[in-house]
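A.B. asks: Below you'll find the structure I mean.
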Amino acid sequence: MSSRVALGDLLDALAQDQGDPGGGTASGVVTAVAAALAQMVSRYSAAEPAATGIDRRLARLRHAAVAAADDDGRASGALGAALRPAQDEGPGDRDRRIVDAATRAIETSAALGDIALGVWTEVRLLADVGNHHLMSDVAVASDAVAAGLGGAATNLRGGLALIDAHGDARPAEAMHGDLLGRLITARREARALADRLGEP
């Protein structure tokens, strides 16, 4: 996937029975959508001094989300290949292949999660300092980034479970367990903000 892929082509690719692109790519795309929508709100809020810098930070996060979604698609495809049994291969060999591929997939999920947390920080700030006429757009951005946060958390948790089934997940859990908790908390907060701002 790249930033120049047409939306229809991306959706067609997601609908295929293959891992590249997959759920992580979708999570990155909705995170980028949240960032872009929040950028629009920030540009309408330029008269507010506290909004200075939000547009620039969101632009960086949006491009990072697209790049990370692309990385995740490749990692997902490699994981799918590792899960397929190979001829003349012992169980231990396959376990090692799966653990290696799942470890890489976890890294891309973590990268997407960090980006989504950054977008959430900016969306939350816009809820306080953004143009009050555009709070419905902030609500939509909040819902979108909640989906990105949730997708990253789900894929991270799934990768850890896969490693645990085929090897020792404790090093990866020690490295990413805190991030997983922060993603889940942020998703809950983003959903709550969307609900609050979207109330009539």
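Just so it is clear, none of the values below were taken in a lab; they were calculated from the coordinates. For clarity, every value in this text was computed on a predicted model and none was experimentally measured. As a convention, Cβ positions derive from the backbone with ideal geometry for all residues, glycine included, and neighbour counts pool all protein chains shown.
A.B. asks: Scattering from the C-alpha atoms of segment 129-177 alone, worked out with Debye: what is log10 I(q)/I(0) at q = 0.13, 0.28 1/Å?
C.D. replies: With no solvent term, the Cα-only Debye profile gives -0.48, -0.96.
A.B. asks: Along the charge dipole of segment 21-198, which of Ala144, Val99, Leu197 sits closest to the positive end, that is, farthest toward it, with unit charges on the beta carbon of Lys, Arg, Asp and Glu (+1, +1, -1, -1)?
C.D. replies: Leu197
A.B. asks: Please identify the helices of the chain, taking whole runs of DSSP H, that span at least 24 Å along their own axis as judged from the Cα atoms and have a mean Kyte-Doolittle score of -1.0 or higher. Don't skip to the end; give the middle numbers.
C.D. replies: Details: long enough: 23-43 (30 Å, 1.00); 54-83 (42 Å, 0.01); 91-129 (56 Å, 0.12); 135-166 (46 Å, 0.76); 170-198 (41 Å, -0.40).
Counting only whole DSSP H runs, the qualifying helices are 23-43, 54-83, 91-129, 135-166, 170-198.
A.B. asks: Follow-up. Largest first, please: the extent of the C-alpha atoms of the chain along each principal axis, to the nearest Å.
C.D. replies: Its Cα atoms span 66, 36, 30 Å along the three principal axes.
A.B. asks: Would you calculate the volume per residue, in Å³, of the smallest convex hull containing every Cα atom of segment 88-138? Can you show the working numbers first?
C.D. replies: Details: hull volume 3.9 nm³, N = 51.
Taking only Cα atoms, segment 88-138 has a hull volume of 76 Å³ per residue.
A.B. asks: A further question follows. Regarding segment 15-106, what whole-number volume in Å³ per residue does the convex hull of its Cα atoms give?
C.D. replies: Numbers: hull volume 7.3 nm³, N = 92.
Expressed per residue, the convex hull around the Cα atoms of segment 15-106 is 80 Å³.
A.B. asks: For the ranges 129-141, 169-181, 32-44, 95-107, what's the packing order if you count other beta-carbon atoms within 10 Å of each residue, average per peptide, and put the highest first? Intermediate values should be presented prior to the final figure.
C.D. replies: Details: 129-141: 18.8, 169-181: 14.8, 32-44: 23.1, 95-107: 20.3.
Peptide ranking by packing, descending: 32-44, 95-107, 129-141, 169-181.
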